[in-house]
Amino acid sequence: MTDAILTRIVDRQPKVARLWRYAVTSVVAIAVSEATLLVVYGSGLLHASAAAAVASLPAPSRPTS
C-alpha cells in the first residue's frame, strides 16, 4: 500500500485511525521493553527473571499542567 492510499483509508475511517495508532504505540512499547531487557541482562546487572521484571515496569509519567 502506498502512503496516499493508507492516508485516505485512515482519514475516512476513524476506527482504522485508532487501530493504527494503537498498533504503532504497541510496537514502540515492545521495542523499548526488549531493548531494556537486553541492556539490563546483557550488561550483567541482573539475572534473566529480574531483568524481565525491570523491562516490564511502566515508564514514569510526566506531570501534565
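The values are calculated or read from the model by the stated rules, or taken from the named source; none is laboratory data. Nothing here was measured: the structure is a model prediction, and the numbers come from that model. With ideal geometry, Cβ positions are generated from the backbone for all residues, glycine too; neighbour counts draw on all protein chains shown.
Conditions tested, residue by residue: (1) under 15 Å from the mean Cα position of the chain (by Cα); (2) at pLDDT below 85.
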{"position": "ARG8", "(1), (2)": "no, yes"}
{"position": "VAL16", "(1), (2)": "no, yes"}
{"position": "THR25", "(1), (2)": "yes, no"}
{"position": "ILE30", "(1), (2)": "yes, no"}
{"position": "ALA35", "(1), (2)": "yes, no"}
{"position": "GLY44", "(1), (2)": "no, no"}
{"position": "HIS47", "(1), (2)": "no, no"}
{"position": "SER56", "(1), (2)": "yes, yes"}
Write out, first by first residue and then by second, each pair whose Cβ atoms fall under 6 Å of each other, whose residues are 6+ apart or on separate chains, and whose first residue, in the range 21-47, is farther than 30 Å from LEU6 by Cα while the second is in a loop (DSSP other than H, G, I, E, B).
-> VAL40/LEU46
Would you check which residues across the range 11-48 are more than 24 Å from SER61 (Cα to Cα) and hydrophobic (A, V, I, L, M, F, W, C) and list them?
-> VAL16, ALA17, LEU45, LEU46, ALA48
Apart from one, (1) in a helix (DSSP H, G or I); (2) surrounded by fewer than 10 Cβ atoms within 10 Å (Cβ to Cβ); (3) hydroxyl-bearing (Ser, Thr, Tyr) all hold for SER33; the odd one out is (2)
Taking the range 1-10 and the residues there that are part of a helix (DSSP H, G or I) and among the β-branched types (Val, Ile, Thr), the one that is farthest from ALA59 (Cα to Cα) would be ILE5
